[in-house]
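Step one of this worksheet: look at the structure below.
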Amino acid sequence: MIAVAEAFCEAGYLVLRGDLPFRQERPHGPPRGNGGPDQDGIRRAAEELRRLAAGKLVCLAGHSYGGRQCTMLAALDPEVAGALLLLSYPLHPPGAAAKLRTDHFPALRTPALFVHGTRDGFGSIEEMQSALALIPGRTKLVSVERAGHGVPPSTAASMPGWLSEIIDS
């Protein structure tokens, strides 16, 4: 996420990068619970960005669980952000393809860019394409060859352009 934040700063974006509440409380290990406090933290960050950016586009971004929480919040409140950048969306737990995390996708209307590795155990590119068909809003899926559950920093420089494509279409 550091490389992504730097790429967006270099492209002229105002960036606010921080840890979700669960990570602040627990520096290591997977998240627990329903994500409510994390969505509240994301909402507060979006409000602060909106205040600082004075009417410009607010884009929420997150890797894995953080991206999932951004999509869930945007599905509940489409006004929270003008766009989403989702890195390695955790479509399902590894080895449990039947446990899809897409119940909220039909309510997602915010333009969303998904950047996903071709070797991601949380969902294949084909599974991601099928899941994105559930989203009525504009989406774009960028696959990163040979990447697992995490996209290499070398892809960060391309992300502002990819995001512009989804916003401007």
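None of Leu73, Leu91 is touching a Lys or Arg at 6+ places or on another chain (Cβ under 8 Å), more than 23 Å from Val15 (Cβ to Cβ) and surrounded by 19 or more Cβ atoms within 10 Å (Cβ to Cβ) except Leu91.
Filtering the range 40-90 to residues that are of a type in the set (A, V, I, L, M) and without any contact (Cβ under 8 Å) to a residue 12 or more places away in the chain leaves only Ala54.
Residues Arg146, Arg101: which one is surrounded by fewer than 22 Cβ atoms within 10 Å (Cβ to Cβ), within 24 Å of Gln39 (Cα to Cα), modelled with pLDDT of 95 or more and basic (Lys, Arg)?
Arg101
Scan the range 109-161 for residues that are out of contact with any helix residue (DSSP H, G or I) (no Cβ under 9 Å at 6 or more places or on another chain) and under 27 Å from Cys9 (Cα atoms) and the total you get is 6. For the range 95-108, a residue qualifies if it is in contact with a helix residue (DSSP H, G or I) (Cβ under 9 Å, 6 or more places away or on another chain), of a type in the set (A, V, I, L, M) and in a loop (DSSP other than H, G, I, E, B), and the qualifying residues are Ala97, Leu100, Leu108.
So, Glu79, is that one out of contact with any helix residue (DSSP H, G or I) (no Cβ under 9 Å at 6 or more places or on another chain), surrounded by 15 or more Cβ atoms within 10 Å (Cβ to Cβ) and over 22 Å from Met1 (Cβ atoms) or not? Before the answer, list the steps.
Details: out of contact with any helix residue (DSSP H, G or I) (no Cβ under 9 Å at 6 or more places or on another chain): yes; surrounded by 15 or more Cβ atoms within 10 Å (Cβ to Cβ): no; over 22 Å from Met1 (Cβ atoms): yes.
Criteria not met by Glu79.
Here Thr139 meets the list (1) surrounded by 14 or more Cβ atoms within 10 Å (Cβ to Cβ); (2) touching a residue at least 60 places away in the same chain (Cβ under 8 Å) almost entirely, failing just condition (2). If you check Ile135, Ile125 for being at pLDDT 95 or above, under 23 Å from Asp77 (Cα atoms), out of contact with any Asp or Glu (no Cβ under 6 Å at 6 or more places or on another chain) and β-branched (Val, Ile, Thr), only one passes: Ile135. Taken together, the residues in the range 137-169 that are small (Gly, Ala, Ser), under 19 Å from Arg109 (Cα atoms) and in a loop (DSSP other than H, G, I, E, B) amount to 2.
Screening the range 17-54 for residues that are surrounded by 13 or more Cβ atoms within 10 Å (Cβ to Cβ) and of a type in the set (A, V, I, L, M, F, W, C) and picking the one that is modelled with the lowest pLDDT gives Phe22.
Working carefully through the options Leu57, Leu85, Leu113, find the one that is out of contact with any Cys (no Cβ under 7 Å at 6 or more places or on another chain) and crowded, with 23+ Cβ neighbours inside 10 Å.
Leu113
Filtered by the rule that a residue be assigned to a helix (DSSP H, G or I) and out of contact with any strand residue (DSSP E or B) (no Cβ under 6 Å at 6 or more places or on another chain), the range 109-136 gives Glu126, Glu127, Gln129, Ser130, Ala131.
The values are calculated or read from the model by the stated rules, or taken from the named source; none is laboratory data. Not measured: the values here are computed from a predicted model. Reconstructed Cβ throughout: ideal geometry from the backbone, glycine too, with neighbour counts over all protein chains shown.
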